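Worksheet: the structure to be examined is printed underneath.
The values are calculated or read from the model by the stated rules, or taken from the named source; none is laboratory data. Just so we're clear, the structure is a prediction, and the values are computed from it rather than from any experiment. With ideal geometry, Cβ positions are generated from the backbone for all residues, glycine too; neighbour counts draw on all protein chains shown. Just the protein is used for accessible areas: all its heavy atoms, side chains included, with ligands, DNA and RNA removed. Shrake-Rupley method; radii C 1.70, N 1.55, O 1.52, S 1.80 Å.
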Amino acid sequence: MALAALTGQNPSHSVGRQLRIAFLLIAAMSLMASAVAFFSFNAIEKAQDEIVDKALPTIVAAQKASGDARLLVTLIEELVTSDNLPLLDLRIENIQLNDASLNDLISLLELDIEDAENSTRISNLLTDIRQSAQTTDTLIRDRFAQERARDDILRLGIATASSLTDRLQVALVQVSSTLAQQTEMLATRNENLLAEPDQDGAQTDAQIAELLDLLQNEPAIIERLIETRFRAERLTEILNLIPTTVDPQEIDRFEASFKLNLRSVVRLVSTMPDQELRRAVAADLGIMRDMTVDGQNIFNRTKLLTETDGEIDALREQNLFLSAAVDVAAQTAVSASNENAIAVTKSAESVIHSSRIFLVLIVLAAFAVSAFVILQFISKNIIRRLNYLTERTLTLAAGNTDIIIEKQGDDELSQMAKALEIFKENARDLQHQTQELQTRTKALEQSNTDLREAEQRFVLAAQGSSVGIWDWPNLDEDKEIWSDRFYELLGYTPGEIPASLENFMAMLHPDDHEVTFAASTAHVEHQKPFNVEYRLRHKNGDYRWFLGTGQAAKNEDEQSTRMVGTIMDIDDRKRSDEEIRRFAADLERSNAELEQFAYIASHDLQEPLRMVSSYCDLIDRRYADKLDDDGREFLAYAVDGASRMKLLLNDLLQYSRIGRSKIDLRPVDLNETTSQVLVDLKTLIEEQEGVVEVADLPVVLGDQGLLHRVLLNLIQNGLKFVKDEPPRVEISATVDDDWVTVSVLDRGVGIDPKFSERIFEVFQRLQSRRDFAGNGVGLSVAQKIIENHDGHIWLEPTDGGPTIFKFTLKLAQESDLA
Amino acid sequence: MKPIDILLIEDNAADVRLTREALKEVKLSNTLNVVSDGEAALDYLHKRGDHADAKVPDLVLLDLNLPRVGGHEVLEDVKGHEKLRRIPVVVLTSSDAEGDIVRSYDNYANCYVQKPVDMDGFIKIVSELEGFWFSIVKLPPK
């Protein structure tokens with residue numbers, strides 16, 4: 001059963017379960033640690049990404065923006081130094097590119113740094129720069145156009161002036177040659193003049209003037225030609241000087257000088273005799289005059305150009321200022337991005353730091369929990385108990401079965417402990433069984449011998465026995481074996497009729513079928529003893545009483561398979577039993593009649609007795625003096641007899657009355673009753689100078705009045721039958737289960753044990769009337785009362801010691817007292 | 001002093017005599033009338049038949065064990081009668097049975113006395129009865 005409990009039960013707190021829980025806990029902790037590590041690394045990576053993806057690009061962008069800003073400054077500075085259009089275009093393009101790039105960078109910074117003020121400032125600056133650059137560009141282009149236009153005019157002017165000079169030279173040569181022709185003397189001098197016209201002009205002029213003078217007409221013309229040529233050369237000189245100056249006043253001076261020389265030339269030319277020359281020179285002079293008026297005024301144009309240059313310079317200044325501002329803003333962005341980067345890096349560092357601490361804590365916690373789990377579950381619950389079980393098992397294996405196996409909980413180890421306990425019990429049983437087997441083997445050998453003897457004894461006994469034996473070997477078959485005696489008891493010779501249940505039932509008295517069947521069923525099914533009295537029909541037809549016994553034998557399955565029994569002739573006993581019953585009934589009836597008779601007799605006898613007694617008294621009263629001594633003595637005997645008769649009748653009446661009324665059983669406190677008795681006996685006690693000692697007495701069930709009588713009679717006896725010394729009566733009681741034994745002891749005259757029965761008979765006296773008064777009814781009454789209470793009264797044998805009367809009564813129970 | 005009339009209802013002549021003797025011993029003068037059965041007692045009390053001129057007694061001494069009409073019936077009749085019930089009735093009997101005592105008082109007996117066995121006791125009781133009923137107690141007018 002224990003094993004079934006072991007295998008059948010699924011313990012709620014199994015070791016396997018504990019292990020599973022432990023591993024699950026460790027796995028869960030590891031998983032948690034891994035998860036935390038993952039999240040920590042994730043956080044670290046994120047922080048690093050933050051630096052790499054955001055902070056660093058911002059720094060780079062800020063620095064690049066700063067660089068671009070510086071480049072922009074340079075480009076804008078260079079812009080004004082552009083001296084041709086392609087270069088200007090290139091530079092403008094560079095500025096635009098740089099501007100775009102810078103713009104993108106600013107947008108980027110704007111997103112990352114979140115310094116809106118700086119960004120807006122930069123944006124505004126860039127817009128200004130863009131506009132300024134455009135303006136500069138336009139201005140420079142205008143200047144180029146103006147310069148080209150002026151230079152065109154200038155080139156035309158210079159060419160015209162050169163041509164004028166040339167023409168004047170030619171005219172001069174022609175005049176000179178005419179002069180030579182005219183003056184032979186001047187021939188040699190012509191050569192000098194031709195060889196060195198320029199260096200020796202004054203000498204030539206002087207020779208020419210000399211010749212003119214000489215010639216009269218001719219020398220003035222040459223003089224004017226020379227002056228004109230000089231003036232023309234001066235014009236050329238001024239024109240060539242114009243691009244070299246930017247000073248407007250100098251230009252004004254040039255203009256005044258130019259106009260003066262031009263007017264001189266015009267006046268000189270007008271006096272030229274050569275008409276052809278005049279016409280040619282007039283055309284040149286017209287061109288040159290045009291250069292001094294209105295839109296063609298070369299000097300105005302040059303002044304305008306200078307003004308433009310001034311504007312360009314102003315723009316350049318402005319650009320430089322803007323560039324410097326951009327540079328400052330870019331530097332601000334750089335430092336902001338640097339600060340941002342530092343903040344991001346710091347925040348990332350803090351994240352990494354806290355992640356690291358958290359990770360370490362989690363790993364420590366996981367380690368601690370795992371260690372705790374291992375210590376708690378595996379070490380405490382399993383290993384220690386396994387060691388314990390191992391040690392116990394080894395002890396058990398060594399054959400020591402007197403071990404104690406402690407169990408804890410309800411898990412597999414506890415089951416193992418239980419199993420071990422069972423093994424232990426089994427081992428112990430096995431040891432016992434082995435011993436027992438040895439004992440039994442010996443006993444078996446002995447019993448084999450005994451059996452043979454018993455078999456022999458049985459056969460002999462069956463043959464000699466007065467009981468008949470029957471054997472019903474197989475309850476499924478109606479076939480029995482009856483002993484010879486069985487047949488003989490029923491008046492048959494052995495084997496005369498077949499031994500079968502059918503034949504037995506046929507012999508069984510019909511009125512006894514039921515009781516016999518019930519008894520055998522009770523025996524087979526409930527193991528009640530099979531012991532029945534029934535009547536069997538003798539061969540001669542008479543029914544005789546038999547005591548039938550039987551015993552069923554059972555197989556391993558507790559099934560009755562066989563029955564063996566006996567029949568014993570109890571007919572004689574049965575008949576005498578009936579006779580006894582009849583006698584008892586008769587006796588009871590006769591006792592009742594006797595009591596009735598005693599009552600009526602004693603009652604009816606009172607009347608005549610009263611007459612006898614009364615009239616004896618009357619005679620004594622009235623006629624005593626008339627009687628002689630004999631007469632008076634006779635009368636005295638008659639009076640005495642009548643009074644004794646009266647006492648006897650009274651006692652008899654009392655005695656007979658006890659059995660007549662039904663006893664009403666109520667709780668009676670014997671202490672109280674005894675006290676009342678002692679009050680009744682007060683006079684006697686005083687007379688006898690006696691002592692009555694009463695122990696604590698229990699409460700019994702009985703009739704108070706009757707028990708009072710019993711105690712009164714017994715105590716009275718104790719006080720009455722005294723020797724010389726004053727009487728001493730002791731009353732005590734013992735309680736045994738439901739019964740109380742009251743004992744009344746005195747040390748008076750004592751009672752011979754041979755009278756211990758007789759003293760309870762009515763009117764039996766042991767002492768002479770002379771010594772002690774009484775009729776010998778007291779103890780009879782006491783006995784009758786006690787027996788009517790279903791109790792028992794007797795004289796305790798004391799072998800010459802004190803006289804002890806004892807009687808039993810029912811103890812009052814709690815339920816009775818209620 | 002006027003003699004007292006006592007009616008004794010008793011069938012036993014010995015007892016009658018004893019009572020008469022006992023009354024002699026006491027000092028009061030009295031007249032004892034005796035009837036020996038219940039029927040006669042009722043005739044006497046109701047002044048019927050032979051007892052037509054009977055006197056109304058001052059006290060009735062009644063034995064219970066009477067032939068024909070028993071003592072209890074006599075008591076019942078007397079105590080059920082409008083006038084007779086005033087007469088004190090003393091039940092004087094040898095019975096000490098509880099049933100008799102209870103029944104007597106149930107029928108309004110004035111008292112119940114058991115006859116003593118000895119003469120001295122008897123005389124004493126009769127004397128006491130006389131003393132009580134005729135010296136101490138005030139009786140109703142006739």
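For this structure, a couple of remarks:
- Between helix A:412-464 and chain A there is an angle of about 20 degrees, using the helix long axis and the longest principal axis of the Cα atoms.
- On Cα atoms only, tilt of A:186-195 relative to the major axis of chain A in degrees: 10
- Across the alpha-carbon atoms of the range B:18-105, the computed radius of gyration and Dmax are 13.3, 37 angstrom.
- Test item: A:606-619 mean partner chain Cβ contacts at 10 Å: 6
- The accessible-area ordering, largest first, of the residues A:VAL777, A:VAL293 stands as A:VAL293, A:VAL777, per a 1.4 angstrom probe.
- Where N is the number of residues in the range A:774-818, Cα Rg divided by 2.2 N^0.38 Å: 1.50
- List A:TRP794, B:TRP133, ordered by accessible area with a 1.4 Å probe, largest first: A:TRP794, B:TRP133
- Cα centroid separation, the range B:5-39 to the range A:272-347 (Å): 193
- Once the mean of 1/r is taken over each pair of separate Cα atoms and inverted, the range A:382-463 shows a Kirkwood hydrodynamic radius of 15.9 Å.
- The gain in end-to-end length when the A:GLU77 to A:SER257 segment is fully stretched comes to 61.0 nm, 0.36 nm per residue minus the alpha carbon separation.
- Semi-axes of the equivalent ellipsoid of the range A:585-682 are 38, 22, 9 Å, computed as sqrt(5λ) over the eigenvalues of the C-alpha gyration tensor in descending order.
- Exposure of A:GLU50 as accessible area (Å², to 10), given a probe of 1.4 Å and all protein chains: 80
- Exposure rank, largest accessible area first [A:ARG485, A:ARG758; 1.4 Å]: A:ARG758, A:ARG485
- Cross-link partners of B:LYS47 among aspartates and glutamates (Cα-Cα below 17 Å; sequence separation of 8 or more within a chain): B:ASP5, B:ASP37, B:GLU39, B:ASP58, B:ASP77, B:GLU82
- Its relative contact order, with pairs defined as Cα atoms under 8 Å and 6+ residues apart, puts chain A at 10 percent.
- Loop-located trypsin sites (Lys or Arg not before Pro) in the range A:654-727 whose Cβ has at most 15 other Cβ within 10 Å (DSSP): A:ARG660, A:LYS662, A:LYS723
- In Å², nearest 10: area of A:LYS380 left accessible to a 1.4 Å probe: 90
- Area accessible to solvent at A:PHE805, 1.4 Å probe radius, in Å²: 10
- Under the convention that each Lys and Arg Cβ holds +1 and each Asp and Glu Cβ holds -1, the size of the dipole of the protein assembly as shown around its Cα centre is about 2260 debye.
- Contour excess over end-to-end distance, with Cα ends at A:GLU391 and A:ILE580 and 0.36 nm allotted per residue: 60.4 nm
- When the GluC sites (Glu not before Pro) in the range B:8-103 are filtered for DSSP coil states and for at most 15 other beta-carbon atoms within 10 Å of their beta-carbon, the remaining sites are B:GLU82.
- Distance (nanometres) between label positions extended 7 Å along Cα→Cβ at A:ILE51 and A:GLU558: 8.8
- Computed in the context of the full set of protein chains, the accessible area of chain A at 1.4 Å probe radius has 55% of its extent on carbon or sulfur.
- The coefficient of translational diffusion for the range A:315-468, derived via Stokes-Einstein from the alpha carbon Kirkwood radius under 20 °C and 1.002 mPa s, stands at 83 µm²/s.
- Virtual spin-label span in nm between A:ARG20 and A:SER590, 7 Å along Cα→Cβ: 9.2
- Sites A:ALA343 and A:VAL363 - FRET efficiency at Förster radius 22 Å, r taken between beta-carbons, to 0.05: 0.15
- Estimated FRET transfer efficiency when R0 is 25 angstrom, pair A:LYS810-A:ARG657 (beta carbons, to 0.05): 0.65
- Here A:LYS479 is the anchor, and the lysines within straight C-alpha reach of less than 23 Å, apart from those fewer than 8 places off in the same chain, are A:LYS539, A:LYS554.
- At R0 = 45 Å, FRET efficiency that the Cβ-Cβ distance of A:VAL735 and A:ALA398 yields, to 0.05: 0.20
- Folded to 0 to 90 degrees: helix A:778-788 orientation relative to chain A principal axis, Cα: 40
- Values of log10 I(q)/I(0) for the protein assembly as shown across q = 0.06, 0.07, 0.08, 0.10 Å⁻¹ run -0.91, -1.01, -1.11, -1.25, by the Debye formula with one identical scatterer at each alpha carbon and no solvent.
- Residue pairs, from the table A:LYS380/A:LYS418; A:LYS528/A:LYS662; A:LYS662/A:LYS754; A:LYS810/B:LYS115, whose Cα atoms sit over 30 Å apart: A:LYS528/A:LYS662; A:LYS662/A:LYS754; A:LYS810/B:LYS115
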